[in-house]
Amino acid sequence: MVEAFAELSTPLVADACVRLGMALRIAPAGIRAVVPGHRVAGRVRPARHYGSVDVFLEAFGSAQAGDVLVVDNGGRTDEACVGDLTALEAGASGVAGIVVWGLHRDTPELAGIGLPVFSYGSYPPGPVRVDAQEPEALLSARFGAHQLTRADYVFGDDDGVLFVAADHVEEVLATALRIRATEREQADRVRAGLTLRRQTSFEDYLARRAADPSYTFRRHLRRTGGAIEE
């Protein structure tokens, strides 16, 4: 999965989900890599944060190489829940990255460590609360509107973060690779002087739409073999 995603992007994965008729499971807008250009891909290792780092240490104890720690901190903006020591321990445990529904701190140290960390942004104080940990703390995590478990994969890059069910991830990535190949061919043709309008028979599309208002451009692209919207 990681090797396949190396040739892809989250927009291409999102387009593949749309093409396959799957519901999009996107992290809320604003989740970004601490270091621009960092990417992450791997199976979700969920953890719900309650104010103490112990839940992360417990998660690392059962993590498999290449897992991505997905932290549910409820999208809170009043505390940072991940810092440099957590990132160092994650790397030492074979974890490929950390994705936080919340905030991080220790930004320079995280940049130096190099482990991909995604969050809403930085904030100096850590938590001052310690809430009771639920029995499901390491079984599932919320991230925005989505409930995540070990049965999910997470992908992140400069455009954001999204999640794909493990049962469908191979099909999604294969479809995304095909979309990428089509788009690259289209881009090369535009550079060579053949516009997208000519490639997609846009005048024909306008004529068909005039005769049949239900005829969409997405339907037209599928008929002509193009790929722009998905």
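Bear in mind these aren't lab numbers, they're just calculated from the coordinates by the rules spelled out. Not measured: the values here are computed from a predicted model. FYI the Cβ positions are ideal-geometry reconstructions off the backbone, even for glycines, and counts take in every protein chain you see.
Each residue of the stretch 209-216 is assigned a 3J(HN,Hα), and the resulting list reads 5, 5, 7, 9, x, 7, 6, 8 Hz, derived from the Karplus form 6.51 cos²θ - 1.76 cosθ + 1.60 (θ = phi - 60°), x at Gly and Pro.
Which of ALA176, ALA187, ALA47 sits farthest toward the positive end of the charge dipole of the chain, with +1 on the Cβ of Lys and Arg and -1 on the Cβ of Asp and Glu? Going by the charge dipole, the pick is ALA187. Only one residue of ALA33, GLY126, ALA63 has its Cα farthest out toward the positive end of the dipole of the stretch 1-143, where Lys and Arg carry +1 and Asp and Glu -1 on Cβ, and that residue is ALA33.
All other residues whose Cβ lies under 12 angstrom from that of ALA96 are scored, Lys and Arg at +1 and Asp and Glu at -1, for a net of +2.
Ordering TRP101, LEU139, ALA6 by the projection of their Cα atoms onto the charge dipole of the chain, which places +1 on the Cβ of Lys and Arg and -1 on the Cβ of Asp and Glu, puts ALA6 at the extreme positive end. Taking the DSSP beta bridges with both ends in the chain, the antiparallel portion is around 50 percent. Using only side-chain charges placed at the Cβ, +1 for Lys and Arg and -1 for Asp and Glu, the dipole size of the chain relative to its Cα centre rounds to 1100 debye. Taking GluC sites (Glu not before Pro) across the stretch 113-208, the ones in a DSSP loop with at most 11 further Cβ atoms lying within 10 angstrom of their Cβ are GLU136. Taking amide H as placed 1.01 Å from N in the peptide plane, VAL70 has its amide H under 5 Å from the amide H of ARG45, ALA47, VAL99, each at least 5 places away in sequence or on another chain. Summing +1 for each Lys or Arg and -1 for each Asp or Glu among the other residues whose beta-carbon sits under 9 angstrom from that of ASP152 gives +3.
A simple count of charges around TYR215, restricted to other residues whose Cβ falls under 11 Å of its Cβ and scoring Lys, Arg +1 and Asp, Glu -1, yields +3. The distance between label points at ALA92 and ASP188 comes to 4.8 nm (points 7 Å beyond Cα on the Cα→Cβ vector).
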